[in-house]
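Below: one structure, written as structure tokens.
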Amino acid sequence: MTASDSSPDTDFLSLLQEIWHQILKIIADLRLAIILLLVIALFSISGTVIEQGESLPFYQQNYPEDPALFGFLTWKVILNVGLNHVYTTWWFLSLLILFGTSLTACTFTRQFPALKAARNWQFYQKPRQFEKLALSSEVSLQSVSEVIPLLEQRGYKVFQDNNSIYARKGIVGRIGPIIVHAAMLIILGGAIWGALTGFLAQEMIPSGASFQVSNIIEAGPFSRSLIPKDWGIRVNRFWIDYTPNGDIDQFYSDLSVINNQGQELDRKTIFVNQPLRYQGVTFYQTSWGIAAVKVQINNSPVFQIPFASLKSQGENGLWGTWIPIKTDLSEGVSLLTRDLQGTMMVYDKKGDLFGAIRPGMSINIDGVTLKIYELIGSTGLQIKADPGIPFVYTGFGLLMLGVMMSYVSHSQIWVLQQGDRCYLGGKTNRAQVTFERELLAILEDLEITKHQEVKSIIEAT
């Protein structure tokens, strides 16, 4: 066997290296990153348009098989593909991971080498090197050092090697794209971490009741530790403020965080855009309803009867209940209301409107005295835990910083002195017109300096 012969192991390693370089080249391709970004954006839009986390009857009603929306979008397609919980599906998370991998590869194969090249000193030693520059000129100078003050006045960092000068500024513009890539990776990481460890729940709780989070709508595979087990929430009071014309102004919930023994750990009154946060779990005020009414029939004990929602839409909702007026439940009256302002409509056993009543009032109907004591509201809470949010916010902050840094022009100027001739040229990656004006201003200053030197010599002689 000669030295030129290669072993099978060496050939195999060479093949693996070649495959790895090809894969890395594909992953680091900017076109792949753009395609992945567009696909992610498309599915993100679908997650905004298609309601997320709803029940099966909801999708069957709103996305029937005949006629199918757009000819193909049915409830079966939505559930099978996972469009009802887009952001936590395996394929969406895989797209995020692939996009992050592409960004990482692009950063290490393109951005870091570009930054390293920008930081290197690059002295020109031959006049023909200036020919490849779009902006270059020749001036007559006694010494190349005459250019240094003019460059430093304009913020350039100057490096000199005998009769050659290299000057640069705006290196932060090369760092900006790296910050942008890092920020996007942090955002992607935060989104993935939140999808894996967070959860979303909804509760409709009557005023005065306590509960523990149980109605989970969405939950990541590692979210179990975040779901509260040793504490819950007590709704001390729920109320609504109305405008003078009867419209809802704001609704409030006075919430207490309690442990399993009923001891209060924290307390806050929440309303829209002012949630309660406790141990990484956030309680948002999202909706409201009417839970029950406390009534008395003749001299009976005061008892509570639940209300049922007859319409599901917010301010135009309608709630109703049926109140028995005989012990055998053979007859009763109906009670309807639209809000918590207190006015309720009473309908007799035939379904005819009998009158209106408010809490604290009594009414005689069919020989029975009906007294209303209290109308009990219920608060609609959205409960969310997302450990990835701090990472996402940090990423967005860095993204804005990186974008601003990327707008800084990276400008380079070379100067070479040969005899009495001085070659000067430069280039920039953006703001070309501004750079041209700056270079012309340097040349004009050099000419002015030269004339002043000549004048001084004449005056001295």
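The values are calculated or read from the model by the stated rules, or taken from the named source; none is laboratory data. The model shown is predicted, which means the values in this text are computed figures rather than measured ones. Positions of Cβ are generated from backbone atoms using ideal geometry, with glycine treated the same way; all protein chains shown enter the neighbour counts.
Here are a few things to note about the model shown:
- Looking across the range 256-272, the residues that are farther than 14 Å from residue 380 by Cα and in a loop (DSSP other than H, G, I, E, B) come down to 260, 261, 262, 263.
- Test: residue in the range 305-321 that is within 30 Å of residue 184 (Cα to Cα) and loosely packed, with under 15 Cβ neighbours inside 10 Å: no
- Residue 329 being part of a loop (DSSP other than H, G, I, E, B) and either loosely packed, with under 13 Cβ neighbours inside 10 Å or not acidic (Asp, Glu) (or both): yes
- Within the span defined as the range 70-82, one or more residues are under 23 Å from the mean Cα position of the chain (by Cα), at pLDDT below 90 and assigned by TED's automatic domain parsing to the domain that holds residue 36.
- Inside the range 201-220, residues that are surrounded by 17 or more Cβ atoms within 10 Å (Cβ to Cβ) and more than 18 Å from residue 254 (Cβ to Cβ) make up a count of 6.
- Checking residue 339 against (1) in a strand (DSSP E or B); (2) under 36 Å from the mean Cα position of the chain (by Cα); (3) surrounded by 15 or more Cβ atoms within 10 Å (Cβ to Cβ), the condition it does not meet: (1)
- Listed by position, the strands (runs of 3 or more DSSP E) contained in the range 80-184 that have at least 3 residues being farther than 14 Å from residue 425 by Cα are 157-161.
- Only residues that are closer than 19 Å to residue 260 by Cβ, assigned to a strand (DSSP E or B) and among the hydrophobic types (A, V, I, L, M, F, W, C) were counted across the range 199-215, and they come to 3.
- Residues of the range 341-372 that turn out to be touching a residue at least 40 places away in the same chain (Cβ under 8 Å) and closer than 22 Å to residue 317 by Cα, as a count: 3
- Every residue from the range 279-315 that is free of Cβ contacts under 8 Å to residues at least 40 places away in the same chain, touching a Phe, Trp or Tyr at 6+ places or on another chain (Cβ under 8 Å) and of a type in the set (Phe, Trp, Tyr): 307
So that you can scan it fast, the table gives a plain yes or no per residue for (1) of a type outside the set (Ser, Thr, Tyr); (2) under 30 Å from residue 368 (Cα atoms); (3) at pLDDT below 90:
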{"site": "204", "(1), (2), (3)": "yes, no, no"}
{"site": "211", "(1), (2), (3)": "yes, no, no"}
{"site": "224", "(1), (2), (3)": "yes, no, yes"}
{"site": "234", "(1), (2), (3)": "yes, no, no"}
{"site": "253", "(1), (2), (3)": "no, no, no"}
{"site": "273", "(1), (2), (3)": "yes, no, yes"}
{"site": "281", "(1), (2), (3)": "yes, no, no"}
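- Taken together, the criteria place residue 294 among residues that are assigned to a strand (DSSP E or B) and assigned by TED's automatic domain parsing to the domain that holds residue 360.
- Residues that are of a type outside the set (Phe, Trp, Tyr) and within 26 Å of residue 271 (Cα to Cα) do occur in the range 343-352.
- Residue that is surrounded by the fewest Cβ atoms within 10 Å (Cβ to Cβ) [pool: residues in the range 408-440 that are more than 14 Å from residue 155 (Cα to Cα) and of a type in the set (A, V, I, L, M)]: 433
- The set of residues in the range 366-405 being surrounded by 18 or more Cβ atoms within 10 Å (Cβ to Cβ), closer than 30 Å to residue 303 by Cβ and β-branched (Val, Ile, Thr) consists of 372, 376, 379.
- Matching entry among 223, 253, 300 (being within 30 Å of residue 88 (Cβ to Cβ) and outside any strand (DSSP E or B)): 223
- Options 153, 129, 111; residue that is loosely packed, with under 13 Cβ neighbours inside 10 Å, polar (S, T, N, Q) and at negative phi: 153
- Subset of the range 312-337 (residues that are within 20 Å of residue 239 (Cα to Cα), modelled with pLDDT under 85 and not small (Gly, Ala, Ser)): 313, 315, 316
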